[in-house]
Each structure stands twice: as C-alpha cells, then as structure tokens.
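The values are calculated or read from the model by the stated rules, or taken from the named source; none is laboratory data. Quick caveat: nothing in here was measured; it's all calculated off a predicted structure. Positions of Cβ are generated from backbone atoms using ideal geometry, with glycine treated the same way; all protein chains shown enter the neighbour counts. These area figures cover heavy atoms from the full protein model, side chains too; ligands, DNA and RNA do not enter into them. Shrake-Rupley method; radii C 1.70, N 1.55, O 1.52, S 1.80 Å.
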Amino acid sequence: MTSTPTRPTPAATAGTEPTRLPVLSLVLLAAIGFVLVAMETMPAGLLLVIADGLGTSEGTVGLLISAYALGTVIVTIPAITLTRGMRRKPLLLIAVVGLLAANTVTALSSDVALSLASRFVAGAFSGIIWGMLAAYGRRISPPCRAGLSLAVVSTGAPLGFAFGTPLGSWLGTTFDWRWSFGGLTLLGILVLVLIALVVPDAPGQPASSRLPLARVIRIPGVAVILAVILLWMLGHNTIYTYIEPYLRDTTTGLSVDLTLLVYGVASVVGVVLTGALLDRHPRPLLHGSVTLFVLAGVVLLVAHDSAPAVVVASVLWGVTFGGASAQLQAALTTAGGRNADVANSFLPVAFNLAIFAAGILGALLLTTLTGLVLPVVMITFGLLALALTVYGRGAAFPAGLLGGSPSVERAASE
C-alpha cells in the first residue's frame, strides 16, 4: 500500500519559522516609525511658511508640535490598555488609517483651531502605534533575534529626525507647506498597503494574563527604565531643540542643517551597532551609550570654538543616541513580560513629556544665559540617567536582557 505524501502541518511549518527574521516586515514597521517622527517634527522646519499660510504667528504654529505631543501623552496609555486584547495587525492598520486621515486634515486645513485639533488626533493615533511597534516586531521574530528585530524597527525614528524633517522643510519652502504633510500621507498610504499585504498578524494579550495599569508600572524595573527614558530624552531634546542658539554662541560657523545632518547619519550608525550588540551585550551597550552621550556633551561645552571638535561631538552624540530607542524599548518589553504592550505604551508618553519639559527648560535658560548652557544640561541629565542605569542593574537592566532569556521568549510569543 503506497502512502500519499502529506502536506506539512501548521505546527511543523511553524517549527521552522522562528529561525527566520522577517526583515521586510520589520522594515515596514520601521517605515511607519519614520512617518511618525517626520510628522511630529515637520512644523519645526516650516514655522514661517505655515504661519504665512494660516495667517497666524510662528508661536502659534509651534503649538502644532505641542498639540501632537499632548495627544500622545493623554491618549496612549488608556488606548493601549483598552486595545491590548485585539489582534496586532488589525489594530495597527486602524491606527495608521486614523493617523493619515488626521494628517490629511492638517494638510488641507485653513483654520488654526482645526489644524490644532487634527494634530492632537494625529498624536493620539501616533501614541497607539508607538506603544505597540516594539512588542509587535519582537512577536513576529525569533526570540534569539529579539534585539536585532528591535534595532531594525527602531531605525525609523533616527531616519525621521535625520532626513524626514529636512526633506519636509525643502518641500514646504520649494513648493507649498501643504505638500510636506500631503507627501507624508501618500508615503503612509503606500506603507499601509504593504503592511496589509506582507506583515504577519500576531495575537493580542489573553484577558487572563492582563495586569491592571497601576500594577504594570509597579512591575520591577519598569519605573526605573521610564525614569532613564525621561532623563536621557530631556538631556537630548533640550539641546536638539535649541541647537541653533548653541551654534550661534560658538565661533565654529557651523550651520544647523549640517550639524543635524551629521548627527542624523551618525544616529543610523548607532542603530546598526545596537542591532549587532543588543542581543549579546545589552548592559555594557547601554552603559557605554549613556557614557559617550555625556562625553559628547563635555566636548560640546569645552571645545565649543573648534568646528572639528563640535563635528566629532555631533558624531558621538548621534552614534550613542541613535540606538537609545531600541535599547530602552528592549528593556521595557522584557521587564513588562506578558504586559509588554502596556509597558511600552509608557515610552512615547515619557518621550513627549521630555519634549514639553525640554522646550520649557531651554526657553527659561536662554532668557538669561547663552546657548553654551545647553551642553551643561546634556551632561547633567546624562549623568543622572547613567546613575539610574547602574542602580537598575538588577530588575531594569539585567545582564541577560535579551538573547532568548525566558522572559523574552514569553514576551515574544504572546
């Protein structure tokens, strides 16, 4: 009796799948990160032209960034909490559709109030997406490649800072500022279609394993990681936001565009290095990154009149900060375990709180001091963040953070 060949069972097929990294899917998730960052920071490079177009002041246009950040801060955590039982792919697609719809309203609006409202809504959807990207990328990747998967997904943010905002600024000043937002909507639609076609789905979190929100933040290590995020981002965002006053008070003659381009390219290198090291050496990588961040601040302060030194410091700054998102998301995802999505939802909240605080702190300092105070802020908050990474060596930043540890396997398989 001859036997008929049987098709591989789902279990058998699934048994070979975890060994393959879904590179294209991760790149598409990174592309959404690019869109998010470029969309949030876009008004910064178009203050004057948007102000002229809407018939308002540059200060009012600056509120478009604040409204976006406020939407993220207010909506992210409750939204992620309410949706963590949903399957990941439908939730991501719904959130991206909402994001692009709100951005399209911004592109077409001629009313300041409507523009602010649409930016708030865009920020709310952005927070939902940020809150799920890290855990989603890890769930569709082999547990042993968790760090690399996070590094790939995280490339979108530094690329958005490096190229998204300058490109949008060029489009807005060359043609019309509405094309900057409209172009992002078109790019987002393309990525949305590709995600729908390519990216695999992943289940939501079972109801039986969900912790209340208050208990998630009390998970050992989560609060320390969030504090490191807030301090590190505050040190970074204060000088990043006000890099022009700093450069103006040096004698280097360096332009803002060139400095941020150097920083942006270096940050991509930082993402690559993080991808290579995060699975095997997470704790030394984190300590080294924050230490070199502080060193970059020291160079910016001490050698502020040397153009080559400032360029070198910008390279150090970019390399060390470029991989920060992947490292901190990895820590939150691992510490959060079965509640990784909710733990990660705190990340965009902490980040956007740092944006608020950096804008206020920088403005207050620059009313009485020169731009050279900004590296001091960078050094101070960098040292505080470094101290917390040492303090949290146990629960927050263990030596075996990734690389197939039980907690990672548990989080990646949810």
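Here is how the numbers come out for the structure above:
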| read-out | value |
| --- | --- |
| Filtered residues of segment 48-99 (kept if crowded, with 23+ Cβ neighbours inside 10 Å and polar (S, T, N, Q)) | Thr72, Thr76 |
| Residue selected from segment 245-258 under the condition of a type outside the set (A, V, I, L, M, F, W, C), open to solvent by less than 60 Å² (accessible area, probe 1.4 Å) and at pLDDT 85 or above, by the criterion nearest to the chain's Cα centre (by Cα) | Tyr246 |
| Checking Met86 against (1) modelled with pLDDT of 85 or more; (2) in a helix (DSSP H, G or I), the condition it does not meet | (2) |
| Within segment 343-356, considering residues that are aliphatic (A, V, I, L, M) and open to solvent by 40 Å² or more (accessible area, probe 1.4 Å), the one modelled with the highest pLDDT | Leu353 |
| Unique match (being part of a helix (DSSP H, G or I), modelled with pLDDT of 95 or more and farther than 13 Å from Gly123 by Cβ) among Leu93, Leu99, Leu48, Leu24 | Leu93 |
| Pairs where the first residue, in segment 102-115, is in contact (Cβ under 8 Å) with a residue 60 or more places away in the chain and the second is surrounded by 14 or more Cβ atoms within 10 Å (Cβ to Cβ) and not in a helix (DSSP H, G or I), C-beta under 8 Å, 6+ apart | Ser115/Ser109 |
| Contacts under 7 angstrom Cβ, first residue in segment 130-147 being open to solvent by less than 10 Å² (accessible area, probe 1.4 Å), partner acidic (Asp, Glu), 6 or more apart | Gly131/Asp341; Met132/Asp341; Ala135/Asp341; Ala146/Asp279; Gly147/Asp279 |
